[in-house]
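Below you'll find the structure, written out as structure tokens, and then a few comments.
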Amino acid sequence: MKQPHKHTATNLLAVVLMFGLTATSAIAQGKRADDAVRRSNKASGVIKAIMGAPDQGIPRDLIGRAEAVVVCPEVLKAALGIGGRRGQCVISRRSSSGWSTPVYYNMTGGSIGPQIGGEKLDIVLLVMNKDGVNGLLEDKFEIGGEAGVAAGPVGRTVSASTNATLDAGLLSYSRSKGAFIGAALKGVAITPDNDLNQDFYGKKASELLGGEAMTATPARVRTFPQTLSRYSKR
């Protein structure tokens, strides 16, 4: 007569444990979703701040030509003998239906030299051709390695004198303490943050950026592609 009670207690414990695991998983997914929203909003804010001063921003016709835009807000550049960079990036690529849903990446890199200090930089990369987009689909995209990179021009329009620069295929910019410049960026790599991409979309970065069948953009992270659309009409 006691055996059924033991089974009942065991089953009840299993239900409680399952409920606890489900609740913990839901909380973790909620935090990851909040992280995706935060990163999308920060990236959008960087573009808005840069383009708010047309004479000092990225030429709109350049964004109009770009195949993808990479924004890495508040990249930490620290140095004490050996320098390094680390940051979180948001990427959107152009498709026939507009800019894709935000896709999440990380930036890492380093340099060696007599240096000391630290600062935070907002970094923007314009990917100007299909080869650059294909590089983003790899597990590791090395800037200045596989991808030719040049400091991007700043101002309202692109003059004929910058045509040679555009051949690089990847244009880089940085902003620190309000100053925005085209800056050569080398020795860093961009890698997919597939933990976040999988948690938020259920897909890897290569699935989100590859092909023409773009994933629908969730309303909570729509601000980034909408901001790009505002400044990049062809």
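The values are calculated or read from the model by the stated rules, or taken from the named source; none is laboratory data. Since we're looking at a predicted model, the values are computed, not measured. Quick reminder, even Gly has a Cβ in these numbers, built from the backbone with ideal geometry, and neighbours come from all protein chains shown.
Okay, here's what the table says:
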quantity	calculated
Members of the range 184-204 found to be without any contact (Cβ under 8 Å) to a residue 12 or more places away in the chain and under 29 Å from Ala150 (Cα atoms), listed by number	Asn194
Hits in the range 181-206 - residues which are within 21 Å of Ser40 (Cβ to Cβ) and of a type in the set (A, V, I, L, M, F, W, C)	Ile190, Leu196, Phe200, Ala205
Which listed residue is of a type in the set (Ser, Thr, Tyr), surrounded by fewer than 17 Cβ atoms within 10 Å (Cβ to Cβ) and either out of contact with any helix residue (DSSP H, G or I) (no Cβ under 6 Å at 6 or more places or on another chain) or modelled with pLDDT of 90 or more (or both), from Ser96, Ser100	Ser96
Test result for Asp61, charged (D, E, K, R), closer than 12 Å to Ser232 by Cβ and at pLDDT below 90	yes
Verdict on Glu67 being modelled with pLDDT of 85 or more and closer than 14 Å to Arg175 by Cβ	no
Pairs where the first residue, in the range 205-216, is within 16 Å of Asp193 (Cα to Cα) and the second is part of a helix (DSSP H, G or I) and at pLDDT 85 or above, C-beta under 8 Å, 6+ apart	Ala205/Leu136; Ala205/Asn194; Ala205/Asn197; Leu208/Asn197; Leu208/Tyr201; Leu209/Val133; Leu209/Leu136
Selected residue (criterion: farthest from Met128 (Cα to Cα)) from residues of the range 154-182 that are at pLDDT 75 or above and part of a loop (DSSP other than H, G, I, E, B)	Gly155
